[in-house]
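S.K.: Dropping the structure in here first, questions after.
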Protein chains: 2
Amino acid sequence: MLIRLLGTGNAAQIPVFGCDCRVCARARVDERYRRRPSSAEIVTSMGRYLLDAGRTDLAQWLDPSVLRGVILTHYHMDHVEGLFHLRWGPLAPIPVYGPPDETGADDLFTHPGCFDFSHQLTPYEPTVISQELTVTPIPLKHSRLCFGYVLEGRRESVAYLSDCDGVGPRSLDTLQRAKPKAVIVDCTYPPGMGRNHFSLDRALEFAATLAAPRVYLTHIGHGLEQHLIDHPLPLEGPVSVASDGMTLSVE
Amino acid sequence: MLIRLLGTGNAAQIPVFGCDCRVCARARVDERYRRRPSSAEIVTSMGRYLLDAGRTDLAQWLDPSVLRGVILTHYHMDHVEGLFHLRWGPLAPIPVYGPPDETGADDLFTHPGCFDFSHQLTPYEPTVISQELTVTPIPLKHSRLCFGYVLEGRRESVAYLSDCDGVGPRSLDTLQRAKPKAVIVDCTYPPGMGRNHFSLDRALEFAATLAAPRVYLTHIGHGLEQHLIDHPLPLEGPVSVASDGMTLSVE
């Protein structure tokens, strides 16, 4: 299976509206530097799944005939905004897997359209989504009820941990036991900054405790991106900054 | 001043996700037939105003240095969704004029960012937005507290009435007295269909009571668009179907 990151920006995205910093100015000219809101696609031979749906242009390239489900980390708008349009499709119910959030986002639960939000997941309980994909919800510290996921293929797994400002002991233990080949983790802010999301120093410290072969930083804010221009990550290390369009393969 | 319609579709937009009707198939190939969610821009010599903000790509072409304010008809997601990204701009507070809605949309009121939502308007009370633009809120019948507007330039006015399933006597009287040169009115459904929005028969009947020289139908659903292919409006009549990008001038 493939995990394709479609949006690696934070809620403000890059470029930030009205911001003329060098990072935002660069992204306004060169598409490759844009960071769209949190969205990813999990591609299996039996269909595709959205992993968060913050991008609002999903309908333009998503093939509804192969969309088998949506997996949500939480119901902040920058992770679900794309569903507000998609829901009006004349489609059979599409299961949405996510945390047992009572309110959802705006009127999604009262007007679900083609989405079935009843598939609430239980922390730490592996859930078989298809023969090729098992997900294990990992509660994360955030300003709202939020799950990370261990995404397990037939032989390998990847951890997707956004949005995150730390984890409790059981989440840490579950992640360490899963031995993911790669960890994709929230890193919104420059060192020492912000809350509810990891800053670079805290993300790196956390990632080290998981000892994963590869770590990809996501949910990148423009402040962090500015910092990284002046203080790039060591090329030979296990940590990279993710980018929109990046694709990981998971056997 | 100019009123540029940027989105003349309903919440489902055209094309509807996953719909293969001839209207949606056509719009998927030919951009000119797309109908995006409710958004318009009012262009004056002293700056620009958004009139609803349902489009989520506003940041890509909106110049923040000339954005003077936002005028909202109501807080349904397809009319405000674009604000969720724009709000994080590092800008001086941008006034948002709209109905006295207590909840707004999702977390817009608790995290307003650069928007100032305190500019609640009073029904029927003309409000001077700038030397070139006075707006008069017209309560409309809809599933949520919703204002239409008489948009008054120096010598002429236009009425913008979306979303709408009728008006009460005082709204009708105010609209008739305003003598707008054009009325832009909700027409979501084919004749005899739907609720909370005008169907074609009801929109035409209502428009006739206003006796405006020009009537433009907006908030068009794909079902109405299919109907109009087989039953086009008379070319010589006062009523036209609006389209994305259409621009009206108001002296």
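S.K.: Enter the per residue convex hull volume of chain A, computed from alpha-carbon coordinates, in Å³ rounded to the nearest integer.
M.R.: 123 Å³
S.K.: Over the heavy atoms of A:C146, what accessible area does a 1.4 Å probe trace out, to the nearest 10 Å²?
M.R.: Approximately 0 Å² for this residue.
S.K.: Give the nm distances, rounded to one decimal, from A:H111 to the matching residue in every other copy, measuring between label points 7 Å along Cα toward the beta carbon; shortest first.
M.R.: 2.2
S.K.: When each copy gets a label point 7 Å from Cα toward the beta-carbon at A:D57, what are the spacings between them in nm, shortest first?
M.R.: 0.6
S.K.: Springs between alpha-carbon atoms under 10 Å, Gaussian network over chain B: tell me which of B:P180, B:P234, B:P15 tops the mean-square fluctuations.
M.R.: Residue with maximal mean-square fluctuation among B:P180, B:P234, B:P15: B:P234.
S.K.: Taking only protein heavy atoms into account and a 1.4 Å probe, give the accessible area per residue of the protein assembly as shown in Å².
M.R.: Counting only protein heavy atoms, the per-residue value for the protein assembly as shown is 40 Å².
S.K.: Just the accessible area for A:Y216, please: 1.4 Å probe, Å², rounded to the nearest 10?
M.R.: Accessible surface of A:Y216 is approximately 30 Å².
S.K.: Over the protein assembly as shown, consider all pairs of different Cα atoms and compute the Kirkwood hydrodynamic radius from their mean reciprocal separation; express it in Å, one decimal.
M.R.: Result for the protein assembly as shown, one decimal place: 23.9 Å.
S.K.: At 1.4 Å probe size, with the rest of the protein present, what percent of the exposed accessible area of chain A is carbon and sulfur atoms?
M.R.: 52 percent
S.K.: Subtracting the Cα-Cα distance from 0.36 nm times the residue separation, let me have the gained length for A:R170 to A:V128 in nm, one decimal.
M.R.: The A:R170-A:V128 span can extend by a further 13.0 nm.
S.K.: Measure out, as a whole number of angstrom, how far apart the alpha-carbon centroids of the range A:23-64 and the range B:86-128 sit.
M.R.: Comparing the Cα centres of the range A:23-64 and the range B:86-128, I get a distance of 29 Å.
S.K.: Moving on to the next point. Treating cross-link reach as a plain straight distance, find the lysines whose alpha-carbon is under 25 Å from the alpha-carbon of A:K181, omitting any fewer than eight places away in the same chain.
M.R.: A:K141
S.K.: Not counting ligands, DNA or RNA, and with a 1.4 Å probe, what is B:D165's accessible surface area in Å² rounded to the nearest 10?
M.R.: Looks like 40 Å² after rounding.
S.K.: Moving to a separate point now. To one decimal in nm, how far is A:P100 from the same spot in the other copies, if labels go 7 Å from Cα toward Cβ? Please give the shortest first.
M.R.: Listed shortest first, these distances are 4.0 nm.
S.K.: Mind listing, in residue-number order, the residues in the range B:14-29 that have at least 40 Å² less accessible area with every protein chain present than in their own chain alone (1.4 Å probe)?
M.R.: The answer is B:F17, B:G18.
S.K.: Hey, another quick one. How do A:M77, B:M46 rank by accessible surface area computed with a 1.4 Å probe, from largest to smallest?
M.R.: Heavy-atom accessible area, descending, gives B:M46, A:M77.
S.K.: Just B:R55, B:R68, B:R177 to compare: in a GNM of chain B, with alpha carbon springs under 10 Å, which one fluctuates most?
M.R.: Most flexible of the set in this elastic network: B:R177.
S.K.: Right, here's the next one. Can you tell me what percent of all Cα-Cα pairs in the range A:37-138 are more than 17 Å apart?
M.R.: It works out to 47 percent of all Cα pairs.
S.K.: Give the residue from B:Q60, B:A207, B:P37 lying farthest towards the positive end of the charge dipole for the range B:2-247; charges sit on Cβ (+1 for Lys and Arg, -1 for Asp and Glu) and the dipole is referred to the Cα centre.
M.R.: Result: B:A207, furthest along the dipole toward the positive end.
S.K.: Moving to a separate point now. Report the local net charge at A:T56: Lys and Arg +1, Asp and Glu -1, summed over other residues whose C-beta lies under 13 Å from its C-beta.
M.R.: -2
S.K.: What does the buried accessible surface come to for A and B, summed over both chains, with the probe at 1.4 Å? Round to 100 Å².
M.R.: For A against B, buried area totals roughly 2300 Å².
The values are calculated or read from the model by the stated rules, or taken from the named source; none is laboratory data. These figures come from a predicted structure and were not determined experimentally. FYI the Cβ positions are ideal-geometry reconstructions off the backbone, even for glycines, and counts take in every protein chain you see. All accessible areas refer to the heavy atoms of the entire protein, side chains included, with ligands and DNA or RNA removed. Shrake-Rupley method; radii C 1.70, N 1.55, O 1.52, S 1.80 Å.
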